[in-house]
Amino acid sequence: MRLVTWNTQWCCGNDGVVSVERIVEHARALADFDVLCLQEVAVNYPRVQGNAAHDQPAIVEQLLPGFQVFFGAAVDEWNEHGRSRFGNLIATRLPVLQVQHHALPYPADDGVRSMPRMCTVVTLRDPALGPVRVLTTHLEFYSKKQRMAQAQALRALLLEGSEQAAHPPEPSDDGSPFRSKTHTAQAILCGDFNFEPTEPEYGAVTQGGGIDQWHDSWRLLNGAAPHAPTFRIYDRRFGPEPVTSDFVLVSNALRDRVRSLRIDADTQASDHQPVAVEIA
């Protein structure tokens, strides 16, 4: 499976131009992906930089014939422009078995800028790997309290899914919503986590114990070598030095199947850099 993950900043490049087409073009140049995971995807936000008044998930679907596109809105609101949505997207050409959208914790943090966050999960069938849960997310930037709660929730989602795979519900083929689902311990979590590898939230996500654990693909391939940066390479508005905040994590069942990881450090189609992994 070839997967690309990218925080697109509503498809706004460092030149201030919003272009969904440019994002998809650069992602395709990085890898012939089976799965594309995008964060910060917008519907009807004309006042953001560059103007994202259009329906970006619909444009992605048009640009990727043969793919199914699943958009999870962390923010779904009505304002002076009508209905506006903002969230994450998974597009895949692989057969899809199930789609879930999980709201992440949003504890109060008085006076701190923030927005709701969520995680989209698509269970798909890869011809080599079999069933795989692909999760994509974008955690809170400003509130450390919320970000830690969300990191802990992502670990809980892994444990819950792996427990379901180990101890599945009662079988059913009655055609109702209780019909048996595909449960698998093979899982991939990717996105913009808004923390660095040295921060406590990273440890909260990758903590061991229980039936399963998230493993950082970079460290599986590179050991203790410093992570290559994915943020603030060109745009330094949010800090003085380049950092890594975009990760691809895998469950125990896939830790020995990560073959490669590439970061496009050259593109400025967003303020983040896209990451491509191959898992086989």
Quiz item: Which whole-Hz couplings ³J(HN,Hα) result when phi for each residue of segment 123-133 is put into the Karplus expression 6.51 cos²θ - 1.76 cosθ + 1.60, θ = phi - 60°, listed in order with x for Gly and Pro?
Solution: 8, 10, 10, 8, x, 9, 8, x, x, 9, 8
Quiz prompt | segment 191-280: C-alpha pair distances exceeding 21 Å, % | solution = 32 percent
Quiz item: Based solely on its DSSP helices, what 222 nm [θ] is calculated for the chain when runs of n ≥ 4 H residues each add -39,500 (n - 2.57) and the sum is averaged over all residues, nearest 500 deg cm²/dmol?
Solution: -6000 deg cm²/dmol
Quiz item: Which residues make up the longest stretch of the chain that has no chymotrypsin sites (Phe, Trp or Tyr not before Pro) in a DSSP loop with at most 16 other Cβ atoms within 10 Å?
Solution: 1-141
Quiz prompt | the chain, dipole about Cα centre (Lys/Arg Cβ +1, Asp/Glu Cβ -1), debye to the nearest 20 | solution = 180 debye
Quiz item: What do you get for Rg/Rh over the chain if you use C-alpha atoms and the Kirkwood form of Rh?
Solution: 0.95
Self-check item: Residue exposure sequence - Met148, Met1 - by fewest surrounding Cβ within 10 Å
Solution: Met148, Met1
Quiz item: What is the Cα centroid distance between segment 266-280 and segment 137-174, reported in whole angstrom?
Solution: 25 Å
Quiz item: Going by the alpha-carbon gyration tensor, a ≥ b ≥ c the square roots of its eigenvalues, is segment 96-158 rounded (a/c under 1.5) or, if a/c is not under 1.5, prolate (a/b greater than b/c) versus oblate?
Solution: prolate
Quiz item: Where does each of Ile263, Ile188 land when they are ranked from fewest to most other beta-carbon atoms within 10 angstrom?
Solution: Ile263, Ile188
Quiz item: Which residues' amide hydrogens lie under 5 Å from the amide hydrogen of Ala187, considering only partners 5 or more residues apart or on another chain, with H built in the peptide plane?
Solution: Arg133, Ser251, Ala253, Leu254
Practice problem: Return the sequence-ordered ³J(HN,Hα) values of segment 95-102 in whole Hz as given by the Karplus equation 6.51 cos²θ - 1.76 cosθ + 1.60 applied to θ = phi - 60°, using x for Gly and Pro. | Solution: x, 9, 9, 6, 10, 9, 10, 10
Exercise. Express in whole angstrom the spacing between the alpha-carbon centres of segment 20-91 and segment 199-249.
Key: 24 Å
Quiz item: Shape call for segment 1-128 from the C-alpha gyration tensor, a ≥ b ≥ c root eigenvalues: rounded (a/c under 1.5), prolate (a/b greater than b/c) or oblate?
Solution: oblate
Quiz prompt | Table column - 3J(HN,Hα) (Hz), segment 135-149, Karplus curve with 6.51, -1.76, 1.60, x for Gly and Pro | solution = 10, 10, 7, 8, 8, 4, 8, 8, 9, 5, 4, 5, 4, 5, 4
Self-check item: Inverse mean reciprocal Cα-Cα distance (Kirkwood Rh) of segment 8-80, Å
Solution: 12.9 Å
Quiz item: Counting only residues 5 or more places away or on other chains, whose amide H sits under 5 Å from the amide H of Arg117 once H atoms are built in the peptide plane?
Solution: Leu104
Quiz item: What ranking do Asp173, Asp55 get, fewest neighbouring Cβ atoms within 10 angstrom at the top?
Solution: Asp173, Asp55
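Read-outs throughout are calculated quantities, based only on the coordinates presented, and are distinct from any laboratory measurement. Just so it is clear, the model here is predicted, and its values are computed rather than measured. Glycine also receives a Cβ, built like all others from the backbone with ideal geometry; neighbour counts cover every protein chain displayed.
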